[in-house]
Amino acid sequence: MRVIAGTARSLPLKTAEGMETRPTTDRIKETLFNMLNNRLAGCRFLDLFAGSGAIGIEALSRGAAQAVFVENNERALRCIRENLAFTHLEEYGVVRAGDVLSILSVLEREAAGPFDFVFLDPPYKEDWAQPVCMALCGGALIDEDTQIIVETALHADFSWTKDIGLAIQKEKKYKTNKHVWLRKEQI
């Protein structure tokens, strides 16, 4: 796994050993960032269930002003910190250790304003997308301009989005998973 483009282009990234994380492949990451690229300069990026930090680091490498990484696995947290240092992007990255819902509450209290992008890649076998999106919709971390991207299993159901005030913008399907693009509905 490596950084695809930007200031840290081609630098290899470490991943946590074991089955707790499943890094997004370079091909899928490249497709994702080709879709985001013209909006990354100067943005604030929130990487939830960050794993190795590869998605947030890619955003920083391509011009994001800040990336906040949220992860609760100790080995993955070490990888994020080492990857930020290795890519010389640590001054732009904020690493938060803990449960995603708890850290979202902390970020709310810090009142830093909405993020431009929220990327979440929760464990596929656990139903985290809905409660995380509900927490996001209930606070000031997102607004109508925030793009939420969920990486999930192909069969994942998103029929609940309208009930919590989110609209599905698009879906991009791959062989084994998909990205679902969500945005807060305007009131």
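The values are calculated or read from the model by the stated rules, or taken from the named source; none is laboratory data. Worth saying up front: this structure is predicted, and the values here are computed from it rather than measured. Neighbour counts run over all protein chains shown; Cβ positions are idealised from the backbone, glycine included. Side chains are part of the model used for accessible areas, which takes the heavy atoms of the whole protein and leaves out ligands, DNA and RNA. Shrake-Rupley method; radii C 1.70, N 1.55, O 1.52, S 1.80 Å.
The table for this structure:
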item: Qualifying residue in region 125-132 (condition: open to solvent by less than 70 Å² (accessible area, probe 1.4 Å), part of a strand (DSSP E or B) and not basic (Lys, Arg)); result: no
item: Hits in region 24-47 (condition: under 12 Å from the mean Cα position of the chain (by Cα) and either over 21 Å from His88 (Cα atoms) or of a type in the set (Val, Ile, Thr) (or both)); result: Thr24, Leu32
item: Criterion (more than 24 Å from Asp145 (Cα to Cα) and touching a residue at least 24 places away in the same chain (Cβ under 8 Å)) met by exactly one of Leu89, Leu60; result: Leu89
item: Residue list for region 133-176, filter: among the basic types (Lys, Arg), farther than 18 Å from Asp116 by Cβ and surrounded by fewer than 12 Cβ atoms within 10 Å (Cβ to Cβ); result: Lys162, Lys173, Lys175
item: Any strands (runs of 3 or more DSSP E) falling wholly within region 1-114 and containing at least 3 residues that are modelled with pLDDT of 95 or more and within 24 Å of Tyr174 (Cα to Cα); result: 44-48
